[in-house]
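To start, the structure itself, in structure tokens.
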Amino acid sequence: PVIRLADYKRPDFLIPTTELTFDLAPTATRVKARLTLQRQGAADAPLVLMGERLKLISVAIDGQAVTDYTVTDETLTIAAVPDRFVLDTEIEINPSDNKTLEGLYMSSGRYCSQCEAEGFRKITYYLDRPDSMSKYRVRIEAPKAGLPHLLSNGNLIETGELGNGRHFAQWEDPFNKPAYLFALVAGELDVLEDSFTTVSGREVALRIYVDTGMRDRAVYAMDALKRSMRWDEEAYGREYDLDLFMIVAVRDFNFGAMENKGLNIFNASLLLADSTTATDLDYERIESVVAHEYFHNWSGNRVTCRDWFQLCLKEGLTVYRDQGFSADQRGHAVQRIKDVRALRARQFPEDSGPLAHPARPSSYAKIDNFYTATIYEKGAEIVGVLRTIVGADTYRRALDHYFAANDGTAATLEDFVASFSAVTGEDYSGMLDWYTQAGTPQLHIAPSYDSVNQSLTLHLTQATRPTPGQPTKTTLPIPIRLGLLSEAGETLTFNDGQTETLIVLRDASQDMVLNGVAEQPVVSALRHFSAPVILNLDEPENHAFARLKGDPDPFNRWEAAQGLARTILLNPEPAQAQIDAFAAGLKAALIDAALEPAFKALILGLPTESDLAQSILPVDPAFLHASRKRFKAALSVQLKDTLLAQYKIIVTPDTFSPDAQAAGDRAFRNALLDLLLAGHSRADLADDAQMIALAENHFGTATNMTDMVGGLIALMHVQGAPYQAALDAFYARFRHEPLVMDKWFSLQATCPHPDTLARVEALQNHPDFDARTPNRWRALVGGFAANQSVFHNAEGKGYDVLVKQVLMVDTFNPMTAARMIEPLSRFRNYVSPYKDGMQKALETILAQPNLSKNVAELAGKALNG
Ligand code: ARG
Ligand code: ZN
């Protein structure tokens, strides 16, 4: 059963009001729903409500019991209903038995809910679709013991006693919302309280609810929340609209977090942090996810999506907004590099494989399978493309227009793009092709310099390869930010003193002439990664070195290093001169006092094995691993003195601060250590023993989790260094900290040694392994599947582990199981025997009876797409 965008039809009924009464009990929760319904479709249209795994108790229309209805696994249908009526239903559910973590379920003895995308239908019979918006009143009744907090969306209207040790809370959300934004939480929780005064003077109570004893670990999230609220007012003119904003952290959650109106629910891993249990990367992600979910209050909640095909309307825009926030908090260049690195690691592979789909897909079997890097990250890039084309001021006016014109409605991507036309009078419909076309465009630039006329002609072409279901492609508007350098790495002016220009390539090919170019130029194109494309620039190798040396655009400086490293890594026999030149370029950057440590840490990060796997066909994971290891070792030996000197310059301050500057210092110091160990890991060599001792000391004396993990990774990622003692010490210290134990599992699963396979096989039976908690499962299984050289085992043993785990988890949590199909999906790109092993693994999965729709859709597409 495939759902198609082309079949969209508005609902036959409106639901102006929704009243829910919950009587909470772990195995038998009763939910009464009173809906007012109004016909807006055909006079004879039946009422068809969605509902899954619900035990129906009663149905009544206008107070009269109804018995003439049809119930299937997915619907409740009442054939003849009036044009306006009140529908009462009562159902029973079993939250404690709900391991799908969708609908109402229990986590650590606490009730919590997850409704996006289609989980509300596991709570009550409803028009569970985003264009069905309603005003909600929610009453929660429960025993007081163990359930002191009873939370839902909106404002708390009343609380009271019910006798018999029971109590209730009455909530009312004044804003219309679709069912996917409904939330309920009940249980024992600690609360961190604060407040925020909005720009217009509204006082908002802020509450973050966490496990008892964890209040201090919510301090950073609270700080991030207040900064997000201020930033959205300043950068987008968006003010918060309720008197209360709540966040709850739960351990068992299928993904990152959820923007339920006034009551965000977070995976605890993206909310709780202190210096001894969280890394800087955790802090960074907490800051950005807190912002992301908060920003959804406007881009998602006030303006929601008409249907799930428009998911990118809220997700792409909200990611773009959170990236802007993070850039303002942490530095634009560094943030951009990280965002692009993530885009290339997750979205580019998706976009070039059998699971490729447009940011607005045209069909799906399970929408949960489309919470992808393409919807999120490419979606954000498309907004960035628009902003680059129209400029910052026009962008802001267009967004103001978008929010004003669509407030309170369920909108489409056409509405979004139309806002740009509305404020400029220009036609931006060409931008819609970015949303409807899958595949990463290839941009080719062929420069030719005419020294007599001092002019540079850029021959620009674009093309996008076919993707499943889209054999032919159209051209897209591609903004190219561009500047020129001399071969010595100095900025060159052109066209009367210009230093940078923006070219928008709209056609398949176009020539662009720059005049007044005094000498042979080095082209610095696609600065700040101005469009999500693959750039092929015809140039001699020394041009990349010129950019590495002196490009005023830090993104392209980093990009130059990546490109040069990639060339060396993909070459089975790179020339020594090439390696030497790269080492010299890297050294110059490392000692450049003008560059920030956070940037230096990034430039030290060579392209990963999965990054390299996208630039070569066929992919031989063993070769890529060996090549990268060899190159790192060579750099380590050549640059030892520089690395060591830089390492020693950075002093660890006495008090921990998670801010960008301190985190940048730590990132650089850990990257230096990692590279130092890469060429010095033989304990039997005196020189190396010194470096091993350095890493052991780094780990042993670490006063924060970032340095602990940095020390462990440096030890674990080289062959020969002893790390078991460190790993055991880590376990002994943190075995009662679930979030840190997730790291312990993932550190081992991502270790590149050949014995990791046996280790992972054993860890599946470790007493602390728990496949029912997605965080723990992803730590082990997800970490392992991302471990290129170990997962791709020639005998297929890595795939066996994955198949077994996916099939096991699919029996109770299809959404999470399905996310692990992707590592098998690009099997066609691999050399034998990996290729055949991956294909066989997909076939084994598909042959399983009772496979979920989620896994069946992705495995089927991966195999046949
Ligand atoms: N809207 C949430 C967010 O991005 C994610 C919900 C994910 N839902 C799902 N079924 N995968 O903030
Ligand atoms: Zn989101």
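Inspect segment 382-402 for any residue being away from ligand 2 (no atom under 16 Å from the Cβ), touching an Asp or Glu at 6+ places or on another chain (Cβ under 6 Å), touching a residue at least 24 places away in the same chain (Cβ under 8 Å) and not small (Gly, Ala, Ser) and give the result as yes or no.
no
Grab the strands (runs of 3 or more DSSP E) fully contained in segment 142-194, keeping just those with 2 or more residues being in contact (Cβ under 8 Å) with a residue 60 or more places away in the chain and among the charged types (D, E, K, R).
Qualifying strands (runs of 3 or more DSSP E): 166-178.
Taking Leu694 and the conditions (1) in a helix (DSSP H, G or I); (2) within 26 Å of the chain's Cα centre (by Cα), which numbered condition does it fall short on, given that it satisfies the others?
In the conditions (1) in a helix (DSSP H, G or I); (2) within 26 Å of the chain's Cα centre (by Cα), Leu694 misses (2) alone.
How many of the residues making up segment 202-231 are farther than 21 Å from Gly154 by Cβ and outside any helix (DSSP H, G or I)?
5
Name, by its number, the condition in (1) assigned to a loop (DSSP other than H, G, I, E, B); (2) among the hydrophobic types (A, V, I, L, M, F, W, C); (3) crowded, with 21+ Cβ neighbours inside 10 Å that does not hold for Val138.
With respect to (1) assigned to a loop (DSSP other than H, G, I, E, B); (2) among the hydrophobic types (A, V, I, L, M, F, W, C); (3) crowded, with 21+ Cβ neighbours inside 10 Å, Val138 is out only on (1).
Look at segment 343-365 and say how many of its residues are within 16 Å of ligand 1 (Cβ to nearest atom), among the charged types (D, E, K, R) and buried (at least 21 other Cβ atoms within 10 Å of the Cβ).
Residues that pass the stated criteria total 1.
Condition first: under 20 Å from Asp768 (Cα atoms) and either touching a residue at least 12 places away in the same chain (Cβ under 8 Å) or buried (at least 20 other Cβ atoms within 10 Å of the Cβ) (or both). Can you find one or more residues in segment 715-727 that meet it?
Taking segment 715-727 as the starting set, the residues that turn out to be under 20 Å from Asp768 (Cα atoms) are 724-727.
Filter once more, so that each one left must be either touching a residue at least 12 places away in the same chain (Cβ under 8 Å) or buried (at least 20 other Cβ atoms within 10 Å of the Cβ) (or both): 726-727.
Yes, segment 715-727 has at least one match.
Which members of segment 350-364 meet the condition of being touching a helix residue (DSSP H, G or I) at 6+ places or on another chain (Cβ under 7 Å) and either among the acidic types (Asp, Glu) or assigned to a helix (DSSP H, G or I) (or both)?
Glu350, Asp351
So which of Thr36, Thr17 is more than 16 Å from Ile78 (Cα to Cα) and either at pLDDT 95 or above or surrounded by fewer than 16 Cβ atoms within 10 Å (Cβ to Cβ) (or both)? Full working, then the answer.
Values: Thr36 fails: more than 16 Å from Ile78 (Cα to Cα).
After applying the criteria, what remains is Thr17.
Return the residues of segment 802-848 that are part of a loop (DSSP other than H, G, I, E, B) and closer than 24 Å to Leu617 by Cα; say none if nothing qualifies.
Passing the criteria: Met820, Ile821, Arg826, Val831, Ser832, Pro833.
Hey, could you check segment 232-256 for residues that are assigned to a helix (DSSP H, G or I) and over 21 Å from the mean Cα position of the chain (by Cα) and say which is farthest from ligand 1 (Cβ to nearest atom)? Talk me through it step by step, then tell me what you get.
From segment 232-256, those assigned to a helix (DSSP H, G or I) are 232-236; that's our starting set.
Retained after the next criterion (residues that are over 21 Å from the mean Cα position of the chain (by Cα)): 233-236.
Working: Glu233: 21, Glu234: 22, Ala235: 19, Tyr236: 17 Å.
Restricting to residues being assigned to a helix (DSSP H, G or I) and over 21 Å from the mean Cα position of the chain (by Cα), the top hit is Glu234.
Could you check how many residues of segment 559-583 are loosely packed, with under 14 Cβ neighbours inside 10 Å and part of a helix (DSSP H, G or I)?
Step one: filter segment 559-583 for residues loosely packed, with under 14 Cβ neighbours inside 10 Å, giving 571-573, 575-577, 580.
Retained after the next criterion (residues that are part of a helix (DSSP H, G or I)): 576-577, 580.
Here the count works out to 3.
For segment 366-382, check the following and say yes or no: at least one residue is surrounded by 22 or more Cβ atoms within 10 Å (Cβ to Cβ), more than 12 Å from ligand 1 (Cβ to nearest atom), among the charged types (D, E, K, R) and within 19 Å of Gln437 (Cβ to Cβ).
Yes: segment 366-382 contains one or more residues that are surrounded by 22 or more Cβ atoms within 10 Å (Cβ to Cβ), more than 12 Å from ligand 1 (Cβ to nearest atom), among the charged types (D, E, K, R) and within 19 Å of Gln437 (Cβ to Cβ).
Can you pull out every residue in segment 223-250 that is within 22 Å of Tyr283 (Cα to Cα) and buried (at least 19 other Cβ atoms within 10 Å of the Cβ)?
Of everything in segment 223-250, those that are within 22 Å of Tyr283 (Cα to Cα) and buried (at least 19 other Cβ atoms within 10 Å of the Cβ) turn out to be Ala224, Leu225, Ser228, Met229, Trp231, Asp232, Phe245, Met246, Ile247, Val248, Ala249, Val250.
Could you list all residues from segment 811-826 that are within 16 Å of ligand 1 (Cβ to nearest atom) and either of a type in the set (A, V, I, L, M) or touching a helix residue (DSSP H, G or I) at 6+ places or on another chain (Cβ under 6 Å) (or both)?
Listed by number, the residues that qualify are Pro814, Met815, Thr816, Ala817, Ala818, Met820, Ile821.
Out of the residues in segment 289-313 that are assigned to a helix (DSSP H, G or I) and aromatic (Phe, Trp, Tyr), which is farthest from ligand 2 (Cβ to nearest atom)?
Here the residue is Phe309.
I need every pair where a residue in segment 542-554 that is at pLDDT 95 or above has its Cβ under 6 Å from the Cβ of a residue that is of a type in the set (A, V, I, L, M) and in a helix (DSSP H, G or I), sequence separation at least 6 or different chains.
Between residues of segment 542-554 that are at pLDDT 95 or above and residues that are of a type in the set (A, V, I, L, M) and in a helix (DSSP H, G or I), the close pairs are Ala544/Ala560; Ala544/Leu564; Arg547/Ala560; Leu548/Ala560; Leu548/Ala561; Pro554/Ala333.
Give segment 266-285 a look and list any residue that's of a type outside the set (Gly, Ala, Ser), part of a helix (DSSP H, G or I) and within 15 Å of ligand 1 (Cβ to nearest atom), or say none.
Restricting attention to segment 266-285, the residues satisfying the condition of being of a type outside the set (Gly, Ala, Ser) are 266-267, 270-272, 274, 276-277, 279-285.
So of that shortlist, the ones also part of a helix (DSSP H, G or I) come out as 270, 280-285.
Correct list: Leu270, Arg285.
Okay, residues lined up against (1) surrounded by 24 or more Cβ atoms within 10 Å (Cβ to Cβ); (2) outside any helix (DSSP H, G or I); (3) within 12 Å of ligand 2 (Cβ to nearest atom):
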| position | (1), (2), (3) |
| --- | --- |
| Asn264 | yes, yes, yes |
| Glu287 | yes, no, no |
| Glu315 | yes, no, yes |
| Val319 | yes, no, yes |
| Asp328 | no, no, no |
| Gln335 | no, no, no |
| Arg341 | no, no, no |
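Only one residue in Pro833, Pro823, Pro767 is surrounded by fewer than 21 Cβ atoms within 10 Å (Cβ to Cβ) and more than 30 Å from Pro95 (Cα to Cα). Which one?
Of the residues listed, the single one that is surrounded by fewer than 21 Cβ atoms within 10 Å (Cβ to Cβ) and more than 30 Å from Pro95 (Cα to Cα) is Pro833.
Within segment 295-309, restricting attention to residues that are near ligand 1 (Cβ under 10 Å from one of its atoms) and aromatic (Phe, Trp, Tyr), which residue is nearest to Ser362 (Cα to Cα)?
Within segment 295-309, the match that is nearest to Ser362 (Cα to Cα) is Trp308.
Give me the pairs, please: first residue somewhere in segment 357-372 and within 20 Å of Asn254 (Cβ to Cβ) and within 16 Å of ligand 2 (Cβ to nearest atom), second residue anywhere and aromatic (Phe, Trp, Tyr) and not in a loop (DSSP other than H, G, I, E, B), beta-carbon distance under 9 Å, and either six or more positions apart or on two chains.
The qualifying pairs are Ile367/Trp308; Ile367/Phe309; Phe370/Trp308; Phe370/Phe309; Phe370/Tyr364.
Quickly run through segment 240-261 and pick out the residues that are under 16 Å from Gly300 (Cβ atoms) and away from ligand 2 (no atom under 16 Å from the Cβ).
Tyr240, Asp241, Leu242, Phe245
Answer yes if at least one residue in segment 98-115 is free of Cβ contacts under 8 Å to residues at least 24 places away in the same chain and not in a strand (DSSP E or B), and no otherwise.
No.
Scan the helices (runs of 4 or more DSSP H) fully inside segment 593-645 and keep the ones with 3 or more residues being over 28 Å from the mean Cα position of the chain (by Cα), modelled with pLDDT of 95 or more and among the small types (Gly, Ala, Ser).
621-638
Scan Leu757, Leu747, Leu739 and give me the residue that is more than 30 Å from Leu643 (Cα to Cα), in contact with a Leu (Cβ under 8 Å, 6 or more places away or on another chain) and not in a loop (DSSP other than H, G, I, E, B).
Numbers: Leu757 fails: in contact with a Leu (Cβ under 8 Å, 6 or more places away or on another chain); Leu747 fails: more than 30 Å from Leu643 (Cα to Cα).
Of the residues listed, the single one that is more than 30 Å from Leu643 (Cα to Cα), in contact with a Leu (Cβ under 8 Å, 6 or more places away or on another chain) and not in a loop (DSSP other than H, G, I, E, B) is Leu739.
The values are calculated or read from the model by the stated rules, or taken from the named source; none is laboratory data. Just so you know, these numbers come straight off a predicted model, no measurement behind them. Virtual Cβ from ideal backbone geometry, glycine too; neighbours counted across all protein chains shown.
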